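Peer 1: Submitted below is the structure of interest, expressed as structure tokens.
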Amino acid sequence: MLLEPRLVKLSTRTGVEVRRTLPNARLRRIGAWVFVDHFGPTAQTDGMVVAAHPHTGLQTMTWLFEGLVEHRDSVGSIQKIVPGQLNLMTAGRGISHSELSELGPEAMHAAQLWIALPESTREVAPSFQHLAALPALPLPAGASGSLLVGELLGVRSPAQVHSPLVAAELNLVAGSTLTLAVDNTFEHGVLVVAGTAQVNGELTAVTELSFAPAGQATMRLEAIGPEPLKVLLIGGAPFDEPIVMWWNFIARSHEEIVRMREAWNSFESADVDGRFGDSGKSEPVFNIFEDRVGGWIPAPELPNVILRPRV
């Protein structure tokens with residue numbers, strides 16, 4: 001199955017549009033991967049300018065191909081994001097963060113993905129993990145790759161995830177072919193980042209995502225264009241828990257989404273359940289962290305319908 005992206009504006013502070021392949025009208029998730037954005041290459045100064053905003057019930061994975069971004073969050077993390085280094089933020093019960101492109105590199109090119117947390121860990125304390133070094137994959141001549149998440153070809157990533165998953169960047173020289181052994185209990189997706197591919201015989205252009213259901217023991221990649229091929233491989237065991245995903249929140253019911261929205265939008269007064277932090281005062285109040293972006297992004301109005309869980 002081939003998934004084509006839809007265009008979505010990154011934020012109100014930049015004109016940059018991202019290409020979103022998940023969620024899709026034809027496919028909601030690949031394993032626990034529920035959100036895939038690909039943006040750039042674009043001018044670095046027009047890249048990421050995203051003010052403080054919240055998340056719950058998920059992990060965010062940020063992976064740069066080009067550029068330099070500063071990440072700050074409400075658990076105190078201040079981290080430069082550079083190509084080849086993994087940034088994995090666990091929202092759990094609740095976190096907020098901002099992202100800001102930095103001067104230096106000419107171009108910004110990145111992917112950001114969300115992972116739904118299972119019921120057993122979706123209320124964990126928020127945290128942030130930065131991995132400056134990732135294991136290389138043992139691939140034949142003409143191919144190279146880094147393992148971001150999970151296990152592949154006998155190599156394991158130190159990234160801390162909460163369900164059976166895999167993610168890897170794979171690079172092929174023009175005209176080469178790679179047959180990759182994968183876990184046949186996983187669903188898989190291949191997002192083409194640069195170049196043109198045949199994925200299991202399916203022509204897949206830049207920003208398109210080729211999906212393979214569980215049951216396949218290999219993934220065949222061919223770099224068919226005149227340029228090198230760069231792809232992001234993701235996969236995971238089928239994630240069958242019903243979830244409600246709205247704005248930046250993942251929950252299990254409409255009522256939970258309402259509470260999350262109200263908690264975030266009332267940060268200047270009492271945050272009744274302390275979801276987004278406790279300033280140490282007698283009443284739990286959310287303190288937005290200091291950053292160089294400034295301001296915060298309020299949650300929009302809810303749609304005039306009851307949000308239903310979806311598998």
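The values are calculated or read from the model by the stated rules, or taken from the named source; none is laboratory data. Values in this document were obtained by computation on a predicted structure and should not be read as measured data. Note: ideal-geometry Cβ built from the backbone for every residue, glycine included; neighbour counts use all protein chains shown.
Peer 1: Out of all the residues in region 257-269, is one or more surrounded by 19 or more Cβ atoms within 10 Å (Cβ to Cβ), within 22 Å of L117 (Cα to Cα), modelled with pLDDT of 95 or more and among the small types (G, A, S)?
Peer 2: No, because not a single residue in region 257-269 is surrounded by 19 or more Cβ atoms within 10 Å (Cβ to Cβ), within 22 Å of L117 (Cα to Cα), modelled with pLDDT of 95 or more and among the small types (G, A, S).
Peer 1: So, one more: From the list R252, R261, R220, which one is within 18 Å of R28 (Cβ to Cβ) and among the basic types (K, R)?
Peer 2: Numbers: R261 fails: within 18 Å of R28 (Cβ to Cβ); R220 fails: within 18 Å of R28 (Cβ to Cβ).
It is R252.
Peer 1: Mind listing whichever residues of region 111-146 are of a type in the set (V, I, T) and out of contact with any strand residue (DSSP E or B) (no Cβ under 8 Å at 6 or more places or on another chain)?
Peer 2: T121
Peer 1: For region 200-256, what are the residues that are closer than 19 Å to E123 by Cβ and among the hydroxyl-bearing types (S, T, Y)?
Peer 2: Once the filter is applied, which keeps residues that are closer than 19 Å to E123 by Cβ and among the hydroxyl-bearing types (S, T, Y), region 200-256 yields only S253.
Peer 1: Inside region 24-80, can you point out the residues that are among the aliphatic types (A, V, I, L, M), closer than 18 Å to P238 by Cβ and surrounded by 22 or more Cβ atoms within 10 Å (Cβ to Cβ)?
Peer 2: If the condition is that a residue be among the aliphatic types (A, V, I, L, M), closer than 18 Å to P238 by Cβ and surrounded by 22 or more Cβ atoms within 10 Å (Cβ to Cβ), then I30, A32, V36, L58 are the ones that fit.
Peer 1: Name the pairs: first residue in region 249-266 and touching a residue at least 24 places away in the same chain (Cβ under 8 Å), second residue among the charged types (D, E, K, R) and surrounded by 15 or more Cβ atoms within 10 Å (Cβ to Cβ), Cβ to Cβ under 7 Å, at least 6 apart or on different chains?
Peer 2: M260/R275; A263/D271; A263/R275
Peer 1: Mind checking whether some residue in region 76-83 is modelled with pLDDT under 90, farther than 24 Å from G150 by Cβ and β-branched (V, I, T)?
Peer 2: no
Peer 1: Output yes when any residue across region 204-224 is free of Cβ contacts under 8 Å to residues at least 24 places away in the same chain, surrounded by fewer than 17 Cβ atoms within 10 Å (Cβ to Cβ) and within 27 Å of T42 (Cα to Cα), and no when none is.
Peer 2: yes
Peer 1: Hey, can you tell me all the residues within region 25-54 that are assigned to a strand (DSSP E or B) and modelled with pLDDT under 95?
Peer 2: F39, G40, P41, T42, A43, V49, V50, A51, A52, H53, P54
Peer 1: Next question. Which condition breaks for V206 when tested against (1) among the hydrophobic types (A, V, I, L, M, F, W, C); (2) in a loop (DSSP other than H, G, I, E, B); (3) over 18 Å from D37 (Cα atoms)?
Peer 2: (3)
Peer 1: Which residue pairs have Cβ atoms closer than 6 Å, lie 6 or more positions apart in sequence or on different chains, and pair a first residue in region 147-163 that is under 14 Å from G31 (Cβ atoms) with a second residue that is surrounded by fewer than 16 Cβ atoms within 10 Å (Cβ to Cβ) and β-branched (V, I, T)?
Peer 2: Short answer, once both residue conditions are applied: H162/T121.
Peer 1: From T185, T207, T218, which residue is within 17 Å of the chain's Cα centre (by Cα), modelled with pLDDT of 95 or more and of a type in the set (S, T, Y)?
Peer 2: Of T185, T207, T218, the one residue that is within 17 Å of the chain's Cα centre (by Cα), modelled with pLDDT of 95 or more and of a type in the set (S, T, Y) is T207.
Peer 1: Return only the number of the condition from (1) surrounded by 14 or more Cβ atoms within 10 Å (Cβ to Cβ); (2) at pLDDT below 95; (3) over 23 Å from the mean Cα position of the chain (by Cα) that D273 does not satisfy.
Peer 2: (1)
Peer 1: While we're on this one: Filter region 231-261 for residues that are hydrophobic (A, V, I, L, M, F, W, C) and closer than 19 Å to L209 by Cβ and give the result.
Peer 2: Passing the criteria: V231, L232, L233, I234, A237, F239, M245.
Peer 1: Out of the residues in region 91-104 meeting the condition of being small (G, A, S) and assigned to a loop (DSSP other than H, G, I, E, B), tell me which one is surrounded by the most Cβ atoms within 10 Å (Cβ to Cβ).
Peer 2: Checking each candidate, the answer is A91.
Peer 1: What number of residues within region 112-142 satisfy the criterion of being among the small types (G, A, S) and in contact (Cβ under 8 Å) with a residue 60 or more places away in the chain?
Peer 2: 1
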